[in-house]
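In what follows, a single structure is set out as structure tokens and then discussed.
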Amino acid sequence: MGQEAPTERVLLEMRGISKGFPGVQALDAVDFTVRRGEVHALMGENGAGKSTLIKVLTGVYRRDAGRVVLDGRPIDPRSPKVAEALGLSTVYQEVNLIPHLSVAENICLGRQPTRFGLIRWRAIARRAVEALARVDLAIDVAQPLSSCSIAIQQMVAIARALDVSARLLILDEPTSSLDATEVEELFSVVRKLRGQGMGIVFITHFLDQMYEIADRVTVLRDGRLVGEYETAGLPRVRLVSLMIGKEYVEAEAAPKAPPPKAAGKPPFLEVRGIGRKGAIAPMDLAIAEGEVLGLAGLLGSGRTEVARLLFGIDRAETGEVRVGGRPVVLHSPRRAIREGFAFTPENRKVEGIIPNLSARENIVLALQANRGAWRALPRRRQLEIADRFIRALNIKTPGPEQTVGNLSGGNQQKVLLARWLATEPRLLILDEPTRGIDVGAKAEVEKLIQALRAEGLAILFISSELEEVVRTSQRVIVLRDRAKVGELAGREVDERTIMRTIAGHEHGD
Amino acid sequence: MTLRLPPKYVPLAATAAVLVVLYAAGCIAYDNFGSLRVLVSLVGDNAFLGVAALGATFVILSGGIDLSVGAVVAFTSILIATLVGRCGVHPLAAMALALALGAVFGAGMGALIHCFGLPPFLVTLAGMFFARGMGFVIHEQSLGIKHAFYVERINQDLAIPLTGHIHLPFTALCFFAALVLAIGIAHYTRFGRNVYALGGDEQSATLMGLPIGRTKVLVYALAGFCSALAGVVYTFYMQSGNPAGCVGLELDAIASVVIGGTLLAGGVGFVAGTAMGVLILGLIQTLITFQGNLNTWWTKIAVGLLVLAFILLQNFISAASRRSVAAR
Amino acid sequence: MATDRSQRIRREWLAKLVWPVAALALLLAFNLLFTPGFFHLEVREGHLYGQLITILNHGAKVMLLALGMTLVIATGGVDLSVGAVMAIAGAVAAQLINAPGVPFPAVILAALAAAVVAGAWNGMLVGGFRIQPIVATLILMVAGRGIAQLITDGQIITFTDARLVYVGNGHLLGLPFPVTIVLAMLAVTALLARKTAVGLFVEAVGDNETASRYAGVSARTVKFMTYVFSGLCAGMAGLVAASNIKCADSNHAGLFLELDAILAVVVGGTALTGGRFYLVGSLVGALLIQALTTTMYARNVSADVAPVPKAIVIVAVCLLQSETFRRKIAGLVRRRPA
């Protein structure tokens, strides 16, 4: 762990921060320290607590326990506005500014210089130009914000933060929508601000960028502090294993090798060079019937983006897709469904379940949509199907008419699975299917996947739990930073190899 | 040399173009269309709609909607007429009371919308019913106003003489004054800019620390005030109050706002555009009157088609600008 | 399992119906106590008459509109044009019935077809061009009356054809014919919603459009169909309205009825944001509104003042349905003992 910092260099100190919500302890006695003139990265997988920590810091949430000291003074901000006044500014991934207003106005909004109550526009323009100069930007401040690229918009957001006299700048996933040049420009500004003594918190999923810009990194996992490290002395593989929670796995007893796939079978799905700007770099992919292909990588590496392209939710800009040898254009989910595809999304609340409808209605929805509105499944048939899957997947519900929104997360996921299984698909894309499911149910789902595979289904299995990916898949495609970095098969499919592929073999063992 | 207009002014330019084209067409097609008298009555007749539409513009810019406009105008008119005619109150006092009531009524609707998250559509609908009914509670029939203030001051003293026998009616002056004030509020006060921000992206505006609740309540109060002011102007124009009048005025106001280039989703638009929209509505009516053969219902069809055209234009422009940003 | 299923459905359904039914019951109780003769029913020439029948009869138009509006609102949209579409349908019927050589079924079909076309226009704007429903239907609301006046050439067209007059004024089995139409349309709508998958799709799209699309539901088609259906209902209401007064008055037919219809649907339990819809609830809501109006009339309150209690009812029901309101009231109540 890092050595104790001399106190005059400490800008922000959070000690023992805890925050709980009904059913989940988001933060458990987390410490977080940022020094003056430092870029400090905050990393962790889903549910690690990064965004909760920041929201506690900026007053969106109130902490349950712990202490926050800024510049030697204890603080307890009750709202983002108060936090901003204290000198804490956040720039979010979705640039929270007003797109139709001008750049200058966005920088000064809420604090416009006035005379006799009337706004002085020239003063605003001057102040905006000065603020932008601090981030090395010289653009026309009168143009609407929406006409600027996302990269520029982020700079404007940073300029606004500086104009509010921020002492600590929090950048929440700032590089997700930027290309390489824009990232460099952002980093040079960040370095300049660091040189001026600001503290900068940098939240990102991109390992390469983190190593390039951050001085120290704090790793969170499952709401707890794993540790604070200097990036210079932290090997990548170690960082990855800290985040995922796996210690180095020596060659242990080889896991049960999954049955070898039948030789010579043409792939059911064959994809060449599929890609979309900002989502995933062009890559190849193939899945055969009766095969489970795993997609592994850290959060933000592009896994869900691949799934969305394959299911027709997003249009691919490059690449060619063949199903059973036939070229197809997957321009919509309906098209994909007609090819026999099925997809359980990662964000099941927003994209998966219909919360106010019953389990029965949720389960038969895709099947019914495929049949059309006029060939309605009779109520008895619907109940049959619903009951069948409730039993098969062991969905814990008082009955098929239970409102799905009231079911636990795990059972909601099972309802989603049931929906797609009811359509008897040929390709099943599962994005984090076991997230939020208890251990027993997880085992059931994994058994089910193997059973489906044995029946001849092609399955794309996306998960951030390496253990699971290894257990379930016969081949694994590894993604990092929105690009494919490796494809493993047979004996190579083990956690250590996957982690090394993600980390990029750079720092050796 | 090509003239490049910043995209945000394109709808405004389109509205101006339509206004000019309609006016020119009228002048070419009919004698006397281009006369001063026609111009004066165009502004004077539509002044009360104009004032109401200015208030509606702010509400729509903030991302809301106000269906109570017509009802409040009618209520205000009969309130003033009754106070002056039956209760012996001086017109100025009656007007002051009416304006205050309008603002309070609007603030009340705004509070319901903000504090309880009720949809603006429903709350202002209820407001419309309420104000309409209350107008009839005050007085069942229309009531003329014969106070000296109205007959002499408004009609004669305050009308600006132009050439010949033509006067610019006081109603037109009210409209211009309201327009200037509205532009001032929209572009030179923090409240006005907060309205634009609120309509542009409410979530971002909250994160930026802007006073969202206060802005919402104030914007509906402003709209209520403008509707009441429109009622006052209406009494100048009709020299009477009528609880059954102005049915559907809110639709004309909304149409003016949309034709004037303001997005119904909020965040984009100009008060000046609404003023032009009001004049366009008036021009269409005048053109049809001059035509003589076409009946007045063509106004409604024309207005409907114009609104559609402008909405499609807005959709087209925003889709185009989204594509150009993505391509960068 | 079967009892559990029907238990759950009935519980949710009842919970939503409680408020409008209670309000209606309250209103009727008020009349029972304070309005003499309100519940008086008599039979004349084989037909039932009385204030209760008046409520059913006059409320028929809003009930028809509310049926179509329920589906539209359930998808998260709204249809402001139904009043204007009523005027169009009435205008078409009046013109054709007076034209020589047009068979009666053709008159009815033409009027309904015109209404359906209007609905399709709305559906195309909302589903096809993705224009906001308020805006899209506002256009037809404004232009539609102009179109209706175009059809009638600005006149009020009267007619005397007994068959058309029967639509709005006749009686069937003792009840006014409009009530029969309402019951028939309720049956049709219920069949459409529950016996086909349309109801499921409408509720899914309204509750979570993204998830529905990912499940393969064509949200655009679903929305389009709801507007077409709303147009059809408006067409029927327009025929009843014209028949009631034996003429087509394009200026006044259906004026403000769209607002009553929306109010009826919201009071009846369907949320403005879409999702689950309650057809019977909408009908009860429409009855409540009509009962309010009839009560006012029976107590010699001017029809012009009736909107005031309507407004109070809207706000009260919306507040009760608003979670924020219930939370704040609960918070107030809980704080007192401390």
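What follows draws every value from the coordinates through simple rules; no lab data is involved. The model shown is predicted, which means the values in this text are computed figures rather than measured ones. Neighbour counts are summed over all protein chains in view; Cβ atoms, including those assigned to glycine, are modelled from backbone coordinates with ideal geometry.
Comparing mean-square fluctuations of B:120, B:211, B:243 from a GNM of chain B with C-alpha springs under 10 Å, the top value falls on B:211. Comparing B:77, B:240, B:318 in a Gaussian network model of chain B where C-alpha atoms under 10 Å apart are linked, the largest mean-square fluctuation is found at B:318. Against the compact-protein benchmark of 2.2 N^0.38 Å, the Cα-based radius of gyration of the range B:7-327 scales to 1.00.
When B:115, A:148 are ordered from fewest to most other Cβ atoms inside 10 Å of their Cβ, what list results?
Working: B:115 15, A:148 21.
The order, fewest Cβ neighbours first, is B:115, A:148.
For peptide B:306-317, the mean count of partner chain Cβ atoms within 10 Å of a residue's Cβ comes to 3.
Output needed for chain A: three equivalent-ellipsoid semi-axes, defined as square roots of 5 times the C-alpha gyration tensor eigenvalues, in descending order, whole Å. Before the final figure, lay out each step's value.
On the way: eigenvalues 375, 143, 115 Å².
Computed over chain A, the values are 43, 27, 24 Å.
A straight line joining the Cα centroids of the range A:471-499 and the range A:382-461 runs 25 Å.
Work out, in µm²/s and without decimals, the Stokes-Einstein translational diffusion coefficient of the protein assembly as shown at 20 °C, 1.002 mPa s, Rh from Kirkwood over C-alpha pairs. Spell out each step's value before the answer.
Working: Rh = 33.4 Å.
Stokes-Einstein gives a translational diffusion coefficient of 64 µm²/s.
Per residue of chain C, the DSSP helices (runs of n ≥ 4 H) give a summed -39500 (n - 2.57) that works out to -24000 deg cm²/dmol at 222 nm. Sparsely packed loop sites in the range A:443-509 (the trypsin sites (Lys or Arg not before Pro) outside DSSP H, G, I, E and B with at most 16 other Cβ atoms within 10 Å) do not occur.
Per-residue 3J(HN,Hα) values for the range B:108-117, derived from phi via the Karplus relation 6.51 cos²θ - 1.76 cosθ + 1.60 with θ = phi - 60°, read x, 5, x, 5, 4, 5, 7, 6, 10, x Hz in sequence order (x marks Gly and Pro).
Rounded to the nearest Hz, the phi-derived 3J(HN,Hα) couplings of the range B:71-83 under the Karplus curve 6.51 cos²θ - 1.76 cosθ + 1.60 (θ = phi - 60°) are 5, 5, 4, 5, 4, 4, 5, 6, 4, 5, 4, 5, 4, where x marks glycine and proline. Structure remark: mean-square fluctuation, Gaussian network model of chain B, C-alpha springs under 10 Å; the largest value among B:55, B:261, B:34 belongs to B:34. Centre-to-centre, using Cα atoms only, the range A:37-104 and the range C:38-82 are separated by 55 Å.
In the range B:105-154, which trypsin sites (Lys or Arg not before Pro) fall in coil by DSSP and have 14 or fewer other Cβ atoms within 10 Å? Please list the in-between numbers first.
Working: sites: B:132, B:146, B:153; in loops: B:146.
Passing sites in the range B:105-154 are B:146.
The trypsin sites (Lys or Arg not before Pro) of the range A:332-412 meeting both criteria, a DSSP state outside H, G, I, E and B (loop) and at most 11 other C-beta atoms within 10 angstrom of the site's C-beta, are A:375. Amide hydrogen proximity for residue A:65: with H placed 1.01 Å from N in the peptide plane, the residues at 5 or more positions away or on another chain lying under 5 Å are A:18.
Using 23 Å as the Cα-Cα cut-off, could you pick out the over-long pairs in A:55/A:277; A:349/A:484; A:55/A:484; A:55/A:81; C:16/C:310; A:55/A:349? Provide the component values of the computation, followed by the final result.
On the way: A:55/A:277 30 Å; A:349/A:484 28 Å; A:55/A:484 33 Å; A:55/A:81 12 Å; C:16/C:310 20 Å; A:55/A:349 21 Å.
With Cα atoms farther than 23 Å apart: A:55/A:277; A:349/A:484; A:55/A:484.
Max-minus-min Cα coordinates of chain C on each principal axis give 77, 57, 41 Å, with the largest extent listed first.
Helices assigned as whole DSSP H runs in chain C whose Cα atoms extend at least 27 Å along their own long axis and whose mean Kyte-Doolittle hydropathy is -1.0 or higher are found at C:2-34, C:51-74, C:104-123, C:133-152, C:219-245, C:279-298. Find me the longest stretch of chain C that has none of the exposed chymotrypsin sites (Phe, Trp or Tyr not before Pro), where exposed means in a DSSP loop (not H, G, I, E or B) with at most 12 other Cβ atoms within 10 Å. Here the longest run is C:130-338.
Normalised Debye scattering of the range B:47-169 at q = 0.16 Å⁻¹ gives log10 I(q)/I(0) of -0.87, counting only Cα atoms as equal scatterers and leaving out solvent. Near the amide H of residue C:131, within less than 5 Å, lie the amide hydrogens of C:126, all on another chain or at least 5 residues away, with H placed in the peptide plane.
Scanning chain A for GluC sites (Glu not before Pro) lying in DSSP loops with no more than 11 further Cβ atoms inside 10 Å, the longest uninterrupted stretch between such sites is A:253-509.
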